[in-house]
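These notes are about the structure you will find just below.
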Amino acid sequence: MSLYSGYIRQPHYYETDQMAIIHHANYIRWFEEARVDMLAFLQLPYHKIEEAGLIVPVLEVNAQYKEMIRYEDQVRIDVLVDHYTGTRLDFRYEIYRTDNNQLVTTGASKHCFLSKETYRLVHLKRSFPEIHQVFSDYATLSAASKN
């Protein structure tokens, strides 16, 4: 298994605000786009997770804006697993300009695993060991990349 190389995003003009920078609300969408792409990279696209009978709701999301992103800026969104317990999964996002590799935004989202039928918390290690292993391995790889 290797680290996800990042999601490349070219901002759309409609995502800008009156100051000609990317409106702050769009970053949350970008995090989701990158997360969905990263899950596909891990061979766990959302449709496969949902077909298994799981849903993965967002419990919390945040963003820290370090520099403005403008319409012309192409960015790369790196997605790492910050914390994984078997029932909870926390992602960390880092957005870089591709032309100079400058870190412009960081963020995080917290999720849990619920049964699609009962909306009860699911322990992946017990109920979905293959899915658990993928997230466990990627969390270990993500932690190693911090060092």
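The values are calculated or read from the model by the stated rules, or taken from the named source; none is laboratory data. Since this is a predicted model, take the numbers as computed values, not measurements. All Cβ positions, even for glycine, are placed from backbone atoms using ideal geometry, and neighbour counts span all protein chains on display. Accessible surface is based on the protein model in full, side chains and every heavy atom, while ligands, DNA and RNA are left aside. Shrake-Rupley method; radii C 1.70, N 1.55, O 1.52, S 1.80 Å.
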Task: Matching option when the condition is in a helix (DSSP H, G or I) and among the charged types (D, E, K, R), among LYS110, LYS125 - done: LYS125
Open item on the list: Please go through the stretch 115-133 and give me each residue that is of a type in the set (A, V, I, L, M) and open to solvent by 30 Å² or more (accessible area, probe 1.4 Å), ordered by number.
Closed with: LEU121
Open item on the list: I'd like to know if the stretch 3-12 contains one or more residues that are under 12 Å from the mean Cα position of the chain (by Cα) and closer than 26 Å to ARG126 by Cβ.
Closed with: no
TODO: Quick one: count up the residues across the stretch 93-110 that are touching a residue at least 24 places away in the same chain (Cβ under 8 Å) and under 10 Å from the mean Cα position of the chain (by Cα).
DONE: 5
Open item on the list: Where the second residue is modelled with pLDDT of 95 or more and open to solvent by 90 Å² or more (accessible area, probe 1.4 Å) and the first is within 12 Å of LEU89 (Cβ to Cβ) and lies in the stretch 120-134, which pairs have Cβ atoms under 8 Å and are six or more apart or on separate chains?
Closed with: HIS132/LYS125; VAL134/GLN43
TODO: Give, as residue ranges, the strands (runs of 3 or more DSSP E) completely inside the stretch 1-106 that count at least 1 residues that are small (Gly, Ala, Ser), at positive phi and open to solvent by 80 Å² or more (accessible area, probe 1.4 Å).
DONE: none
TODO: Pairs only if they're at least six apart or on different chains, beta carbon under 7 angstrom, first in the stretch 26-47 and over 21 Å from GLN10 (Cβ atoms), second open to solvent by less than 10 Å² (accessible area, probe 1.4 Å) and among the acidic types (Asp, Glu); list them, first residue then second.
DONE: none
